[in-house]
There are 2 protein chains.
Amino acid sequence: MSKPTETERCIESLIAVFQKYSGKDGNSYQLSKTEFLTFMNTELAAFTKNQKDPGVLDRMMKKLDLNSDGQLDFQEFLNLIGGLALACHESFLKSSQKRF
Amino acid sequence: MSKPTETERCIESLIAVFQKYSGKDGNSYQLSKTEFLTFMNTELAAFTKNQKDPGVLDRMMKKLDLNSDGQLDFQEFLNLIGGLALACHESFLKSSQKRF
């Protein structure tokens, strides 16, 4: 086996992180609301700490839970990561446009 | 600054990898067809090597390019990573169901 590439490592990380948090209670392959909050407050604390509105995580969970079953499956979890990555990428684009 | 979490590192990696490959020619924030092929053959060679059908990358590019502009933007790139992660996750679920 050769060393995994950065992209392969990232795909593995996404799966490992989802399995780690979704395995904490009940259905192993779904993030419950409690698991989602644990994930956000642990893995994305830099983001959650900056939110002044205490309802923001509740609203995020509702918006991500596309089939409204009160759980996030892996696809719904990927939409969260994708949304955050997109927001970071766009803020990078804006700041680089300002600079040049 | 505290050490980034696994999820934060992953979000950073996705952005860095996209910028690395999309910056090779023309529009810096879009993956051209050539850049997409370079990305796939470098970062995901383990996947592309196993494809017996030489048209598979062409068809993937067409399918991912939702607005058919011949380029992949960051959102379209994230759909690729998400699709691959989902396929890996589902094959893991299948193999663990067989095992238990």
Study note, to complete from the structure: Within the range B:36-71, residues being within 13 Å of chain A (Cβ to nearest Cβ) and either within 12 Å of the chain's Cα centre (by Cα) or in a strand (DSSP E or B) (or both) number 11
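Identify all residues within the range B:69-99 that are of a type in the set (Gly, Ala, Ser) and farther than 19 Å from residue B:28 by Cα; write none if there are none.
B:82, B:83, B:85, B:87, B:91, B:95, B:96
Would you mind finding the one in B:90, B:8, B:12 that is charged (D, E, K, R) and buried (at least 16 other Cβ atoms within 10 Å of the Cβ)? Break it down stepwise before answering.
Details: B:90 fails: buried (at least 16 other Cβ atoms within 10 Å of the Cβ); B:12 fails: buried (at least 16 other Cβ atoms within 10 Å of the Cβ).
One residue alone meets the criteria, B:8.
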Exercise for review: Would you check which residues across the range A:1-35 are of a type in the set (S, T, N, Q), facing chain B (nearest Cβ under 9 Å) and either assigned to a helix (DSSP H, G or I) or in contact (Cβ under 8 Å) with a residue 12 or more places away in the chain (or both) and list them?
Suggested key: A:7, A:13, A:19
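Coordinate-derived values only; no laboratory data. In this text the structure is predicted, and so the values were computed from the model without any measurement. For neighbour counting, all protein chains shown are included, and Cβ atoms are generated from backbone atoms with ideal geometry for every residue, glycine included.
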